[in-house]
Amino acid sequence: MKYPILLPNIFNHPFTYESEINLKLGEFVLVPFGKSKITGVVWDEFEKNDNKKFTIKSIQKKLDVAPLKKDTINFLNWFAEYNLIPKGMALKLVLLSSNAIEKMEKKIYEPYNYKIKKNSFKLSINQIKSLEKMGYSNKKFRVHVLQGTTGSGKTLVYFEALKSLIEKGFQSLILLPEIGLTSQFEQKFSEYFGFNPAIWHSGISKKKKEIIWSGISCGEIKVVIGARSSLFLPFEKLGIIIVDEEHDQSFKQDEGITYNARDMAISRASFENIPVNLITAVPSIETFENIKKGKYEVSRLSERYRNAALPNYEIINLNNTKLEKQSWLSAKIIEKVNFHLEKKDQILFFLNRRGFSPNALCKKCFSSFTCPNCTINLVYHKNKNNLICHYCGFKSELKRNCKKGDNCEFIFSGPGVERISEEVKRKFPGKKIEIFSSDTMNKKDSKEKIRKIINNEIQILVGTQLISKGFHFPHLNCIVVVDIDLSSHGHDLRGAEKNLQLYHQLSGRAGRTGNPATVYFQTYENNSKMISEITNKNPDIFLERELEIRKKNKLPPYQRFISLILTGENEKKLEKDAFNFKNFIENKINGKILGPVNAPIFRIKKKFRMRLLIRGSKSMKMQNSLAKIIPKYKFFKGIKLSVDVDPINFN
């Protein structure tokens, strides 16, 4: 008998194999492909092109793995169509290193055995109302948004919703935007439920991933807390998806196969016919619009846990003070911080810039250090004593022959968190200080660092936006935004929305246990209106106005963007092909083409980049027309096309 077998590769169709074994849809098999053996899945339809002549090979083995459900196959077919990727690459996201993991002995799954303990957490009246509105007993698809001010106990509400479903034998998926959040969240989960969830992200060992993949597939593991990729695990009986911090830009996968994990989670829930819950303090503009249209249900928590007050805000006008040379902290801020330290408050200095300095400049020849592979400056990391490109990872020593003499003599333009940390150490000697960024918190000792922060063993933090994402630090009552001006400029379509979400989340880290807290904004632009808007207790006012601007200018969420990025090592060849490609697809697709233009970061990893942006209606028409036309165009040798549906970053 013949079977269509989809393989985890770049093909958009299954291959035909034969077998004497009786196989069902979704079953995993081992088949010959070229000179190797490869894992495949019995798919839902044969390749449509019947004109090809090929030798039909035999399936070698049926694997001892629970079959992929029809709903999951339907989701993967849709996922490939929506994001304009081959079906085989969608399947690859499900597999582990292109393999399926066969069932293991039951005792291997014991660390994840679930037995829910009784706990004494009591929900407030508002939390109970939100829980009822979540309709957690409803097994059908619907999108519910739990919007609550930071520290209002949103996690407690959806833990209660999960409890009921786990007790009924359903599996649950909790998506988090950052790997760094998982350790504190895992502890919170274990304390509440009394058993360990499975943690899934790129830092988990291959052996552990094999156990989790297999345990999910056969239904032995009930709860997964994971990053974007956990969305594609082969759940046997998925009952609910939670997307925590749904507004977070990190849910967008920008490299390789591009997709938005939040949007894809909603789609998977739709195909599986299960509820999905989006959790946020400030909704993304898309989610806010869907709430307004009545497409998504919403419940709101307006009070913080134990009625803790939101922090106060104070603007420090840098025009009224003179900073010391090579200093970024005003005398007024030092005075304020000392006041908080005397009260045993924990302090956070916030600057959304990694490293020591974004620009190392020679004071003799005025040359900066730029990346040889990308059109971007290298960032000096003093702790590692090297310069690093944050795009391709290139590293260089801080040493160079000068055009005007022997060696360059460097000055550093602008601060990063390492530089602020040095100044903080000088101003507050004897205090325990820790840098909180992706360079320091994705390491093995990060769990211990978080424990020390929670116990107030670290008095001062110097952090990037990573710290704004869902951490609970009970003693943090003073936040200093070193320079809000650094993140309020630029030509980012989503700049205003990002600022609103960032500073709402950031201020929400302070005063969570009821003590008085203050956020101080140092700024040269005395724009108190902007600061009061982005810190307003009711973010909906800001979002309403932002929606009006987007509607007027025909921007998402009212229209769809698809970004087409052409890359190549030959700049002239790339430019010519970009214009040829535009001419080829113009008038053949359902959308307006903007460009081609040089991408803002014109060169990354030795490849030049040009961008076309297609704007059109919010339907599958653009994807369908592009899917037909792109394969018909022959690019010059060395030119590669990447497609990004619903882009978030425009670099």
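Values as computed for the structure displayed
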{"read-out": "Where GLY40 falls short, out of the listed (1) among the small types (Gly, Ala, Ser); (2) in a loop (DSSP other than H, G, I, E, B); (3) within 15 Å of LEU7 (Cα to Cα)", "value": "(2)"}
{"read-out": "Residue check, GLU191 charged (D, E, K, R), over 23 Å from the mean Cα position of the chain (by Cα), open to solvent by 40 Å² or more (accessible area, probe 1.4 Å) and within 19 Å of VAL94 (Cα to Cα)", "value": "no"}
{"read-out": "Some residue of segment 225-236 being crowded, with 21+ Cβ neighbours inside 10 Å, of a type in the set (Val, Ile, Thr), touching a residue at least 12 places away in the same chain (Cβ under 8 Å) and in a strand (DSSP E or B)", "value": "yes"}
{"read-out": "Selection within segment 398-446 - part of a helix (DSSP H, G or I), small (Gly, Ala, Ser) and touching a helix residue (DSSP H, G or I) at 6+ places or on another chain (Cβ under 8 Å)", "value": "SER438, SER446"}
{"read-out": "Residue satisfying condition, being more than 16 Å from VAL243 (Cα to Cα), out of contact with any His (no Cβ under 6 Å at 6 or more places or on another chain) and open to solvent by 30 Å² or more (accessible area, probe 1.4 Å), within set GLU160, GLU167", "value": "GLU167"}
{"read-out": "Exclusive hit being farther than 18 Å from PRO234 by Cα and modelled with pLDDT of 95 or more, set TYR3, TYR82", "value": "TYR82"}
{"read-out": "Selection count where residues are under 12 Å from ARG400 (Cβ atoms), hydroxyl-bearing (Ser, Thr, Tyr) and either open to solvent by 50 Å² or more (accessible area, probe 1.4 Å) or part of a loop (DSSP other than H, G, I, E, B) (or both), scope segment 362-377", "value": "2"}
{"read-out": "Enumeration of residues in segment 603-618 that are open to solvent by 50 Å² or more (accessible area, probe 1.4 Å) and over 30 Å from ARG550 (Cβ atoms)", "value": "ARG603, LYS605, LYS606, LYS607"}
{"read-out": "Subset of segment 544-557 that is more than 23 Å from ILE315 (Cβ to Cβ) and assigned to a helix (DSSP H, G or I) - its residue that is most open to solvent (accessible area, probe 1.4 Å)", "value": "LYS552"}
{"read-out": "Residue pairs meeting the criteria (Cβ under 6 Å; at least 6 apart or on separate chains; first over 10 Å from LEU476 (Cα atoms), in segment 450-461; second open to solvent by less than 50 Å² (accessible area, probe 1.4 Å) and modelled with pLDDT of 85 or more)", "value": "LYS452/ILE458; ILE458/GLU434"}
{"read-out": "Scope segment 516-559; condition in contact with a Lys or Arg (Cβ under 8 Å, 6 or more places away or on another chain) and within 29 Å of TYR305 (Cα to Cα); matching residues", "value": "THR518, TYR520"}
{"read-out": "Number of positions in segment 558-582 that are open to solvent by 20 Å² or more (accessible area, probe 1.4 Å), outside any helix (DSSP H, G or I) and not aromatic (Phe, Trp, Tyr)", "value": "6"}
{"read-out": "Evaluation of ASN99 against (1) more than 23 Å from LEU23 (Cβ to Cβ); (2) surrounded by fewer than 18 Cβ atoms within 10 Å (Cβ to Cβ) (one fails), failing number", "value": "(1)"}
{"read-out": "Qualifying residue in segment 121-136 (condition: out of contact with any helix residue (DSSP H, G or I) (no Cβ under 7 Å at 6 or more places or on another chain), open to solvent by 80 Å² or more (accessible area, probe 1.4 Å) and in a loop (DSSP other than H, G, I, E, B))", "value": "yes"}
{"read-out": "Members of segment 583-602 that are open to solvent by 40 Å² or more (accessible area, probe 1.4 Å) and either closer than 30 Å to CYS389 by Cβ or of a type in the set (Phe, Trp, Tyr) (or both)", "value": "PHE584, LEU594, VAL597, ASN598, PRO600"}
{"read-out": "Residue list for segment 139-156, filter: closer than 23 Å to GLU272 by Cα and aliphatic (A, V, I, L, M)", "value": "VAL143, VAL145, LEU146"}
{"read-out": "Top-ranked residue in segment 490-520 [being of a type in the set (A, V, I, L, M, F, W, C) and within 28 Å of the chain's Cα centre (by Cα); ranked as modelled with the highest pLDDT]", "value": "VAL519"}
{"read-out": "Residue check for THR523: under 30 Å from GLN346 (Cβ atoms) and either open to solvent by 30 Å² or more (accessible area, probe 1.4 Å) or modelled with pLDDT under 80 (or both)", "value": "no"}
{"read-out": "Residues located in segment 58-76, provided they are more than 9 Å from GLY26 (Cα to Cα), assigned to a loop (DSSP other than H, G, I, E, B) and open to solvent by less than 20 Å² (accessible area, probe 1.4 Å)", "value": "ILE59, LEU63, VAL65"}
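The values are calculated or read from the model by the stated rules, or taken from the named source; none is laboratory data. In this text the structure is predicted, and so the values were computed from the model without any measurement. FYI the Cβ positions are ideal-geometry reconstructions off the backbone, even for glycines, and counts take in every protein chain you see. For accessibility, only protein heavy atoms count, side chains too; no ligands or nucleic acids. Shrake-Rupley method; radii C 1.70, N 1.55, O 1.52, S 1.80 Å.
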